[in-house]
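Please read the structure below before turning to the comments.
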Amino acid sequence: MYLEHLFVADYRNLRMAELQLSPKINCFAGNNGVGKTNLLDAVYYLSFCKSAVGSQDIQIIRHEADSFQLQGAYILPDGSKSTISCVARRKGKKQIKRDKKEYQRFSEHIGYIPLVMVSPADTQLILGGSEERRKFMDIVISQYDKEYLKQLINYNKALTQRNTMLKMEIMPDPDLFLMWEQVMSDSAAIIYNKRKELIDKLIPYFQELYAAISGGAETVSFSYTSHLDRGNLLDQLTEGRLKDHIVGYTLHGIHKDDLIMELGGYPIKKEGSQGQSKSYLTALKFAQYMLLCQVCNGKKPILLLDDIFDKLDSNRVNSILKLVADDRFGQIFITDVNRTNIEQMISGLGCDYKIFSIDKGTVI
C-alpha cells in the first residue's frame with residue numbers, strides 16, 4: 001500500500017501543500033527549520049491520529065489559523081483506494097474520517113495504515129528512561145493487535161486507581177485494593193506474553209539488518225526484562241502493598257518493563273559511538289518494519305526516514321539506501337538538507353522517485 005496524494009493545510013509551519021507522490025521514494029530537501037520534518041509528521045498523524053513528537057493538537061495548528069486539515073488518498077494492496085481525512089480546531093472536537101465515515105474512537109484506526117518512522121528523536125530509545133522503550137513496544141504491537149491495546153488501557157486505568165489509593169493517609173479496604181490488583185495482574189499477563197513474542201520475532205530481523213548496515217563490523221543484541229519474569233504479578237502486588245503505600249506508588253508491574261540494548265556485550269548507551277547508535281536504532285526500526293510486513297495482512301508499512309544520514313559514514317548510508325530500494329520495502333519518505341546530494345544517491349538506485357524542495361513552509 002502507499003500514499004498516492006497528500007493534502008496539508010495549516011499544519012505547524014505548512015500553510016498549504018498538495019502533493020502527488022511516488023509509490024516508492026519521496027525525498028524532501030531543504031535547510032533546517034523549513035518544514036521537512038513537519039511534512040513527515042503530517043503523514044505520521046494520518047496513521048496514528050496524533051503527532052510523532054507528542055504535541056497537543058492546538059500546538060500543531062499554524063499560529064495564524066483556527067484549524068489544521070490533513071487528507072491522504074491511499075492505494076491499498078488490492079488496488080482499491082481509501083481516503084483518510086482529519087480536521088482539528090482550536091475550539092471543538094477533532095474529527096478523523098475513513099472514506100467520509102467518522103471514527104467514534106481513534107483507537108479503531110490504529111493499524112489501518114501501518115507506518116514506521118526513523119527520526120533523531122529515536123536516540124531517546126537508548127539515552128532515555130525505560131518508558132521510551134516500553135512506548136516503542138506498545139506502538140509496534142498496537143498496530144496489529146487490538147487486544148493488546150485494550151489490555152494496556154485496562155492495566156493503566158487500574159494502575160491509576162491503585163496509585164490513588166496508595167497516596168491516601170489511611171489505607172483503604174484490602175478488598176478494594178485486591179479488585180484493582182486482579183485487573184492489573186490479568187492484563188499484565190497478556191501484555192507480558194505479547195511483548196515477549198514481539199522481542200523473539202524482532203531479534204533475527206534486527207541482527208540481520210544491523211549486519212547489513214554495518215558490514216558485520218560489530219555484534220549487537222537486545223533483550224526484554226520484566227517483573228513478571230519472577231512470576232504472577234498479583235502475588236507481587238499484594239506482598240508489596242505496605243511498601244508501596246510508604247512510597248506512594250506501585251513499584252512492581254509491566255509499567256516497569258525495559259529493553260536491554262547492547263553492543264559487543266556492553267550497554268550501547270555507554271559504548272556506542274554516534275554512528276553505531278544510529279545504525280543500531282535504524283536496524284531496530286527496520287526490524288519493526290519487517291515484522292509489520294509479516295503480520296499486517298499484506299500491507300507494507302509506510303517508512304519515514306527523517307534526517308537519516310546525519311552521523312553516518314558513506315558506507316552505512318549506501319547500505320541503508322540499498323536496503324530500502326529492495327522490494328521488501330514499500331513507500332519511503334526521506335528528508336535531507338542537500339537536494340543535489342540526495343538526488344545523486346537516489347538516482348542510482350534504479351527505482352521510481354520524486355524530490356521536493358521545501359522553503360519556509362512551502363513545498364515545490
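The values are calculated or read from the model by the stated rules, or taken from the named source; none is laboratory data. As the structure is a prediction and not an experimental result, all values here were calculated from the model. A quick note on method: Cβ atoms are made from the backbone with ideal geometry, for glycine too, and the neighbour counts reach across all protein chains shown.
Residues of segment 183-198 being in contact (Cβ under 8 Å) with a residue 60 or more places away in the chain and either in contact with a Ser or Thr (Cβ under 7 Å, 6 or more places away or on another chain) or β-branched (Val, Ile, Thr) (or both), which ones?
Listed by number, the residues that qualify are Ile191, Tyr192.
Out of the residues in segment 88-146 that are charged (D, E, K, R) and part of a loop (DSSP other than H, G, I, E, B), state the one that is nearest to Gly298 (Cα to Cα). Working first, answer last.
Keep residues of segment 88-146 that are charged (D, E, K, R), which gives 89-91, 93-94, 97-102, 105, 108, 122, 131-135, 138, 145-146.
Keeping just the survivors that are part of a loop (DSSP other than H, G, I, E, B) gives 90-91, 93-94, 99-100, 105, 145.
Values: Arg90: 38, Lys91: 39, Lys93: 33, Lys94: 30, Asp99: 20, Lys100: 24, Arg105: 25, Asp145: 15 Å.
Filtering first and then ranking leaves Asp145.
Quick check, is Gln71 in contact with a Ser or Thr (Cβ under 9 Å, 6 or more places away or on another chain) and outside the structural domain of Phe136 (by TED's automatic domain parsing)? Quick ask: steps written out before the conclusion?
Values: in contact with a Ser or Thr (Cβ under 9 Å, 6 or more places away or on another chain): yes; outside the structural domain of Phe136 (by TED's automatic domain parsing): yes.
Yes, satisfied.
So Gln294 passes all but one of these: (1) of a type outside the set (Val, Ile, Thr); (2) surrounded by 14 or more Cβ atoms within 10 Å (Cβ to Cβ); (3) assigned to a helix (DSSP H, G or I). Which condition number does it fail?
Unmet for Gln294, out of (1) of a type outside the set (Val, Ile, Thr); (2) surrounded by 14 or more Cβ atoms within 10 Å (Cβ to Cβ); (3) assigned to a helix (DSSP H, G or I): (2).
Let me confirm something: among Arg133, Arg162, which residue is modelled with pLDDT of 95 or more, within 30 Å of the chain's Cα centre (by Cα) and under 26 Å from Gln276 (Cβ atoms)? First the steps, then the outcome.
Values: Arg162 fails: under 26 Å from Gln276 (Cβ atoms).
Of Arg133, Arg162, the one residue that is modelled with pLDDT of 95 or more, within 30 Å of the chain's Cα centre (by Cα) and under 26 Å from Gln276 (Cβ atoms) is Arg133.
Can you name every one of the strands (runs of 3 or more DSSP E) wholly within segment 1-79 that holds 2 or more residues which are of a type in the set (Phe, Trp, Tyr) and touching a residue at least 24 places away in the same chain (Cβ under 8 Å)? Walk me through how you get there before you give the answer.
Working: elements: 2-11, 14-20, 25-29, 67-75.
The strands (runs of 3 or more DSSP E) meeting that bar are 2-11, 67-75.
Take Asp78 and decide whether it is acidic (Asp, Glu), more than 25 Å from the chain's Cα centre (by Cα) and in the same structural domain as Arg12 (by TED's automatic domain parsing). Full working, then the answer.
Values: acidic (Asp, Glu): yes; more than 25 Å from the chain's Cα centre (by Cα): yes; in the same structural domain as Arg12 (by TED's automatic domain parsing): yes.
Judged against the criteria, Asp78 is a match.
Of the residues that make up segment 304-317, is at least one among the aliphatic types (A, V, I, L, M), part of a helix (DSSP H, G or I) and surrounded by fewer than 13 Cβ atoms within 10 Å (Cβ to Cβ)?
Kept after step one, since they are among the aliphatic types (A, V, I, L, M), are these residues of segment 304-317: 304-305, 308, 312, 317.
Now narrow it down to the ones that are part of a helix (DSSP H, G or I): 317.
Within this subset, residues satisfying the condition of being surrounded by fewer than 13 Cβ atoms within 10 Å (Cβ to Cβ) are none.
No.
The rows are residues; the columns are (1) within 22 Å of Leu125 (Cβ to Cβ); (2) surrounded by fewer than 16 Cβ atoms within 10 Å (Cβ to Cβ).
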| residue | (1), (2) |
| --- | --- |
| Met165 | no, no |
| Met171 | no, yes |
| Glu181 | no, no |
| Met184 | no, no |
| Ala188 | no, no |
| Ile191 | yes, no |
| Pro204 | yes, yes |
| Ile213 | yes, no |
| Phe222 | yes, no |
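Looking only at segment 101-142, which residues are polar (S, T, N, Q) and in contact with a strand residue (DSSP E or B) (Cβ under 8 Å, 6 or more places away or on another chain)? If you could, list the steps in order and put the result at the bottom.
Filtering segment 101-142 for residues polar (S, T, N, Q) gives 104, 107, 119, 123-124, 130, 142.
Within segment 101-142, Ser119, Ser130 qualify.
Go through Tyr155, Tyr249 for me and flag whichever is of a type in the set (Ser, Thr, Tyr) and within 26 Å of the chain's Cα centre (by Cα).
Tyr155
If the requirement is being of a type outside the set (A, V, I, L, M) and at pLDDT 90 or above, which of these qualifies: Gly350, Gly330? Can you show your working first?
Numbers: Gly350 fails: at pLDDT 90 or above.
Every option except Gly330 fails the conditions.
Just to verify a result, which residue in segment 151-163, among those that are more than 30 Å from Gln294 (Cβ to Cβ) and of a type in the set (S, T, N, Q), is surrounded by the fewest Cβ atoms within 10 Å (Cβ to Cβ)?
Just the residues of segment 151-163 that are more than 30 Å from Gln294 (Cβ to Cβ), to begin with: 157-163.
With of a type in the set (S, T, N, Q) added as a condition, the list becomes 160-161, 163.
On the way: Thr160: 11, Gln161: 17, Asn163: 15.
Among residues in segment 151-163 that are more than 30 Å from Gln294 (Cβ to Cβ) and of a type in the set (S, T, N, Q), the one surrounded by the fewest Cβ atoms within 10 Å (Cβ to Cβ) is Thr160.
Looking only at segment 323-345, which residues are closer than 21 Å to Lys299 by Cα and touching a residue at least 60 places away in the same chain (Cβ under 8 Å)?
Within segment 323-345, the subset closer than 21 Å to Lys299 by Cα is 323-334.
Residues satisfying the conditions are Leu323, Val324, Ala325, Gly330, Gln331, Ile332, Phe333, Ile334.
Looking for whichever is of a type outside the set (Phe, Trp, Tyr), surrounded by 12 or more Cβ atoms within 10 Å (Cβ to Cβ), modelled with pLDDT of 95 or more and closer than 23 Å to Glu132 by Cβ here; the options are Leu237, Leu228. Which one fits? Before you say what the answer is, go through the steps one by one.
Values: Leu237 fails: closer than 23 Å to Glu132 by Cβ.
Unique residue meeting the criteria: Leu228.
I need a count of the residues in segment 246-267 that are surrounded by 15 or more Cβ atoms within 10 Å (Cβ to Cβ) and within 20 Å of Asp200 (Cβ to Cβ).
Here the count works out to 6.
Scan segment 268-291 for residues that are surrounded by fewer than 19 Cβ atoms within 10 Å (Cβ to Cβ) and not small (Gly, Ala, Ser) and report the count. Before the answer, list the steps.
Here is the first cut: in segment 268-291, the ones surrounded by fewer than 19 Cβ atoms within 10 Å (Cβ to Cβ) are 269-271, 273-275.
Then drop every residue that is not not small (Gly, Ala, Ser), which leaves 269-271, 274.
Matching residues across segment 268-291 total 4.
What tally of residues in segment 134-150 results from selecting those that are crowded, with 20+ Cβ neighbours inside 10 Å and within 24 Å of Ile334 (Cα to Cα)?
Summing the residues that are crowded, with 20+ Cβ neighbours inside 10 Å and within 24 Å of Ile334 (Cα to Cα) in segment 134-150 gives 3.
Restricting the search to segment 159-205, which residues are touching a strand residue (DSSP E or B) at 6+ places or on another chain (Cβ under 9 Å) and charged (D, E, K, R)?
Arg195, Lys196, Asp200
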